[in-house]
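The values are calculated or read from the model by the stated rules, or taken from the named source; none is laboratory data. These numbers were taken from a predicted model, which means no experiment stands behind them. Here Cβ is always computed from backbone atoms with ideal geometry, including for glycine, and neighbour counts include all displayed protein chains. Ligands, DNA and RNA are excluded from the accessible area calculation, which covers all protein heavy atoms including side chains. Shrake-Rupley method; radii C 1.70, N 1.55, O 1.52, S 1.80 Å.
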Amino acid sequence: MLNANLDELTTTDNNNSAAEISGIKAKPLKECIIEIVSDAGEGAQKAGQSFGSVSAKMGNGVWTVEIIPAEVQPPARSRAGASGIRIRFGSNKITNMGDEADLVVAFNEQVLYGRIEQDAYKAGTIILIESKWKNSKVPEIKEEYAQALNEFKERGFDVREILMEEECLKHVDNPSKGKNMWVLGMLCSIYSRDVTKAEAQIRHTFRRKSEKIIESNLRLLNAGYSWAAENIELKFQIGSEMKQVPRLVMNGNEAVGMGVMAAGIEVCSMYPITPATSVTHYLSEVFEKSGGLVHQAEDEIAAIGFAIGASYAGKTAVTITSGPGMALKTEFIGLASMAEVPLVIVDVQRGGPSTGLPTKVEQGDLLYAIFGQPGDTPTVVLAASTIEECYHFVILSRQLAEAFRMPVILLTDANLATGVQPFTRPEINLDSFSPPVNQSPWKKEIRPYEWDEKTGISQRPIPGQADGMYVLTGLAHDEESHVAYDSHINQLGCNRRSRKMAAIHKTLTPPKINGDESGDLLVVGWGSTLGAIEEAVSLARKMGGSVSSLHLRFLSPVEPGLEEIFKRFKKVMTVEINYGDEENDPLITQENRRRTQLSWFLRAHTLIDVDFLAHIHGQPMRPGFILQRLKKELGL
Amino acid sequence: MFGLQSECMLHVPEQYHTLSDYEGAQPRWCPSCGDHAVLTAVQKVCREKQLPPEKTVFVSGIGCSSRFPHYMKTYGFHGLHGRPFPVAEGIKFRRPDLDVFVATGDGDCCSIGAGHWIHAIRYNMNMTVMLLDNEIYGLTKMQTSPTSRKGTISNTHPHGSILPPINPLITTLGVANASFVAQTVDWNPAHLYSTLLAAHSHQGFSFVRILQRCPHFSPNLFAEEISNPDLTVLLTHENGIEAVEEVQKMYKNSVVHDPADMNEAREIAQREDLIPIGLFFCDPSKEQYDKYGASNIGFSPQKKADALNVEFEKYAV
Ligand SMILES: Cc1ncc(C[n+]2csc(CCOP(=O)(O)OP(=O)(O)O)c2C)c(N)n1
Ligand code: SF4
Ligand SMILES: [Mg+2]
């Protein structure tokens, strides 16, 4: 397992002199994973996000991931109600949420059970738990708490009880509000965080609140900090070994939102759906200032129809949704492909099918995005694998959509949506903003679908352009956009629309291989699993395994050279957060085995056998889970 | 990729548009289909208003009636069954300079597209909507429509349809923010024309239900009303639809109805004895969503970049 104990990760040659707080020498660490878990609404996420931002500002690599219960107000003190955040931070770049946590702050014992069920902890994990429950007037609670503590100790956790609320009560009247900031202060002390940076963060987080609220939160922060300095002997120090460049810290959905602005998109049309909606929460706040608007449509069908209308009228548009919304948009995606309307569709994937796992991660929309249409529907599909790519790929999607006059589906997922990772501050390129609507007269002799024979590309007139008048139709049509059922015209239209995919394919380069160019095992992934896969692969390589990985960004058209690359490895295996039958499941044979989406696709594409490692737990892929399989495959 | 010139208002040389400037492909409707009359009336409205064809967009769904855009020589969008409204709204949202018309059928609007219809009324964006209501599914060959009268024999209800019909006027008048609701008939070209002209002049979502003959599938549907004009009641008012002399002569039954009076409009819409034609309701002061859409258009790339930079600063470390 990774991070099996803190000592293993202790750096001896840390440049940063170990901080000393209250006489205790802080122990230098390369990285660590902490969690804050609570009932919903207790502010664990806010505290964790602030901690993550402060760490990023101190030059650390950071990855935070939210722990979200399925319901808005789950019952208090329930396992299913575990709400909170995990922060993995270190002196170098952090690319994923890692395996078991080193330390967790828990507001009650029941939510901890919820996390234990997810294998979030290991023997030795430090548990800092609110201990007010042992004084509860409700005998059942008292009992539950005592029992749980015994069990935690039996599991080998390093349990430390803290009367958090009682401490808060010394500084504020209502300790249930603001306890999270006290915890933030405590963690800042334990991990030698710069408390002035935490103060600044609180001011930012509560910028819309009154000065009184800000003051009380600052008081609690400082109280938690001093309390920990005096009462907890845990002190760690995480330095920075990264090149210090200007960076931005945000989650994937905010990055998508900024990408929308950077792409010069003017219309974002949506219908609320988890986990995509927060993109539009963010945009609704700021989009107007950059010349765009969010349209909340009456449903997902209307949302995409609206975006297509806007795009037809020359205004760049995006529609943002998740699985169930994608299903509803199907017919309009077909229209955008058929009638060649540029459009960006962002699908923040969640668990499916149907309403599925609304808040949880899955990669199950892959084949739908590529093939999920009646008829032949060339559609570009690309996937972001980091927060940074969430930003840049929106811009790329818009450019592709417009240059090739077609829908582009950008896949992200629930893990990227709420994951926070700093990335290099992008350059703002004025050219990437969409141009004003072209209203110069159209050359009459150019037909609205004058397909270039080689590339399938044609130029489109925009309403307002004199002499460009044409009637867009979803029916089979000729170059004039005249409805035409003649067999050869339909063949030609399909051929030309397909040709564009080949033209895009021509512009792609083979994927980079992480590790050796050939070997025993090649791991193939796509999307948010990138960090976990590469971490596992590099650990396996350190153990002597002959394993490499590659990660796909373009799924349709798929990046070139795969067959040739696959042939250089004895075995190829995908890693996916998807469903696939296990080989030794009852009734399963080679013939009826239902494979995971990417492995299915790559087998068909390359005619090479591709195995898979997959789960459908609704949890991000962990490096330890992958490493276990790699060890088995490689005999390590 | 595209010639990128400024978003200028086009300088069209002073040019008088004749009817032929609006005539697109040869209509393929059945010869005596009521849709022909609507097309002619619309082309006349375009000529009367001298609409620049390049600034005019006809949007439709799928159905016989939704073939409409192909027969105009303007921009057109013949999209999906039931979805003309979202598309039309998207077109209009950031392009206040475009004149948008929607042609839709009773299946398109009142069945598969009913959700969008309700919301389109509420968005109240400036567009002219023609519901070509033949009380049947034409294109797919005579299935019951939500506006088919109870007992209508169709291919899906060979023993007669079971449910009472939706009355599109009552529905429209029942939606918050409705701003223009009228009814006319395809067989009275003068009233049809005046109604569409008034609808086009209204600022907001102008909804016109046009009773439309489908001789192919229901040859006798409006036969009685056509042969006996007394079965029609003409709504008149100084703020209503102009009724030229020939219309007034034809329809002896008339009532004065103030289109500002919503309650009376709803009462009249419920009448089952006579076909009321004219303007039921009009209120140009209703909230218009397209005004919101046009509130921040035309930012320069630099202005967009500056806004983005401000955002970067908020997230910078
Ligand atoms: C999603 C979808 N469902 C069904 C159809 C088939 N369809 C085409 S037109 C139509 C009904 C048309 O009736 P109406 O809207 O009243 O138009 P009309 O032909 O009577 O003018 C149907 C059901 C379709 N094109 N798309
Ligand atoms: S079937 Fe009816 S509605 Fe369709 S074109 Fe013929 S007459 Fe008109
Ligand atoms: Mg009909």
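Would you please name the residue that is most open to solvent (accessible area, probe 1.4 Å), looking only at residues in region A:188-239 that are in a loop (DSSP other than H, G, I, E, B) and over 21 Å from A:Ile34 (Cα atoms)?
In this case the residue turns out to be A:Arg208.
Can you tell me which residue within region B:199-226, out of those that are open to solvent by 30 Å² or more (accessible area, probe 1.4 Å) and under 16 Å from the mean Cα position of the chain (by Cα), is nearest to ligand 2 (Cβ to nearest atom)?
Restricting to residues being open to solvent by 30 Å² or more (accessible area, probe 1.4 Å) and under 16 Å from the mean Cα position of the chain (by Cα), the top hit is B:Ser201.
I'd like to check something: does region B:105-126 contain any residue that is touching a helix residue (DSSP H, G or I) at 6+ places or on another chain (Cβ under 6 Å), near ligand 1 (Cβ under 9 Å from one of its atoms) and part of a strand (DSSP E or B)?
Yes, region B:105-126 contains at least one residue that is touching a helix residue (DSSP H, G or I) at 6+ places or on another chain (Cβ under 6 Å), near ligand 1 (Cβ under 9 Å from one of its atoms) and part of a strand (DSSP E or B).
From the list A:Arg350, A:Arg398, pick out the single residue that is basic (Lys, Arg), buried (at least 22 other Cβ atoms within 10 Å of the Cβ) and in contact with a Lys or Arg (Cβ under 7 Å, 6 or more places away or on another chain).
Within the list A:Arg350, A:Arg398, the selection yields A:Arg350.
Count, please, the residues in region A:515-534 that happen to be open to solvent by less than 40 Å² (accessible area, probe 1.4 Å) and over 16 Å from A:Ile608 (Cβ atoms). Steps first, answer last, please.
So in region A:515-534, the residues open to solvent by less than 40 Å² (accessible area, probe 1.4 Å) come out as A:515, A:519, A:521-533.
Next, from what is left, pick out any that are over 16 Å from A:Ile608 (Cβ atoms): A:515, A:525-533.
Residues in region A:515-534 being open to solvent by less than 40 Å² (accessible area, probe 1.4 Å) and over 16 Å from A:Ile608 (Cβ atoms): 10 in total.
Considering only residues that are within 12 Å of ligand 2 (Cβ to nearest atom) and either within 14 Å of another protein chain (Cβ to nearest Cβ) or not hydroxyl-bearing (Ser, Thr, Tyr) (or both), which ones fall in region B:109-142?
B:Leu132, B:Asp133, B:Asn134, B:Glu135, B:Ile136, B:Gly138, B:Leu139, B:Lys141, B:Met142
For region A:422-449, which residues satisfy the criterion of being at the interface with another protein chain (Cβ under 7 Å from one of its Cβ atoms), crowded, with 21+ Cβ neighbours inside 10 Å and either among the hydroxyl-bearing types (Ser, Thr, Tyr) or outside any loop (DSSP other than H, G, I, E, B) (or both)?
A:Pro422
Can you go through B:Val129, B:Val102 and tell me which one is within 13 Å of ligand 1 (Cβ to nearest atom), within 22 Å of B:Ala176 (Cβ to Cβ) and surrounded by 24 or more Cβ atoms within 10 Å (Cβ to Cβ)?
That would be B:Val102, the only listed residue that is within 13 Å of ligand 1 (Cβ to nearest atom), within 22 Å of B:Ala176 (Cβ to Cβ) and surrounded by 24 or more Cβ atoms within 10 Å (Cβ to Cβ).
What residue, among those in region B:55-70 that are surrounded by 24 or more Cβ atoms within 10 Å (Cβ to Cβ) and away from ligand 3 (no atom under 16 Å from the Cβ), is nearest to A:His477 (Cα to Cα)?
My answer is B:Pro69.
When you go through (1) more than 9 Å from chain B (Cβ to nearest Cβ); (2) in contact with an Asp or Glu (Cβ under 6 Å, 6 or more places away or on another chain) one by one for A:Asp452, which number turns out not to apply?
All conditions pass for A:Asp452, except number (2).
Could you figure out which of (1) in a loop (DSSP other than H, G, I, E, B); (2) of a type in the set (S, T, N, Q); (3) in contact (Cβ under 8 Å) with a residue 60 or more places away in the chain isn't true of B:Ser148?
For B:Ser148, the exception is condition (3).
Can you name the number of the only condition in (1) within 14 Å of chain A (Cβ to nearest Cβ); (2) within 15 Å of ligand 2 (Cβ to nearest atom) that B:Asn177 fails?
Against the list (1) within 14 Å of chain A (Cβ to nearest Cβ); (2) within 15 Å of ligand 2 (Cβ to nearest atom), B:Asn177 comes up short only on (2).
On the basis of being within 24 Å of A:Glu100 (Cβ to Cβ), among the acidic types (Asp, Glu), part of a helix (DSSP H, G or I) and open to solvent by 50 Å² or more (accessible area, probe 1.4 Å), does A:Glu151 make the cut? Let's see the steps before the verdict.
Values: within 24 Å of A:Glu100 (Cβ to Cβ): yes; among the acidic types (Asp, Glu): yes; part of a helix (DSSP H, G or I): yes; open to solvent by 50 Å² or more (accessible area, probe 1.4 Å): yes.
So A:Glu151 fits the description; yes.
Which condition does B:Arg271 not pass, out of (1) farther than 21 Å from B:Asn167 by Cβ; (2) more than 14 Å from chain A (Cβ to nearest Cβ); (3) assigned to a loop (DSSP other than H, G, I, E, B), if it passes all the others?
Single failed check for B:Arg271: (1).
Has region A:117-129 got any residue that is closer than 25 Å to A:Pro358 by Cα and crowded, with 21+ Cβ neighbours inside 10 Å?
Taking region A:117-129 as the starting set, the residues that turn out to be closer than 25 Å to A:Pro358 by Cα are A:117-121.
Retained after the next criterion (residues that are crowded, with 21+ Cβ neighbours inside 10 Å): A:120-121.
Among the residues of region A:117-129, at least one is closer than 25 Å to A:Pro358 by Cα and crowded, with 21+ Cβ neighbours inside 10 Å, which makes the answer yes.
Taking strands (runs of 3 or more DSSP E) that do not extend beyond region A:1-110, which have at least 3 residues that are modelled with pLDDT under 95 and surrounded by 21 or more Cβ atoms within 10 Å (Cβ to Cβ)?
Values: elements: A:27-29, A:31-38, A:61-67, A:83-90, A:101-106.
Fully inside region A:1-110 and qualifying: A:61-67.
Identify the residue in region B:181-198 that is of a type in the set (Gly, Ala, Ser) and surrounded by 22 or more Cβ atoms within 10 Å (Cβ to Cβ) and, among all such residues, is nearest to B:Asn155 (Cα to Cα).
Out of the qualifying residues, it is B:Ala182.
Among the listed residues A:Ser518, A:Ser528, identify the single one that is touching a residue at least 12 places away in the same chain (Cβ under 8 Å), of a type in the set (S, T, N, Q) and touching a Ser or Thr at 6+ places or on another chain (Cβ under 7 Å). It would help to see each step written out before you state the result.
Numbers: A:Ser518 fails: touching a Ser or Thr at 6+ places or on another chain (Cβ under 7 Å).
It is A:Ser528.
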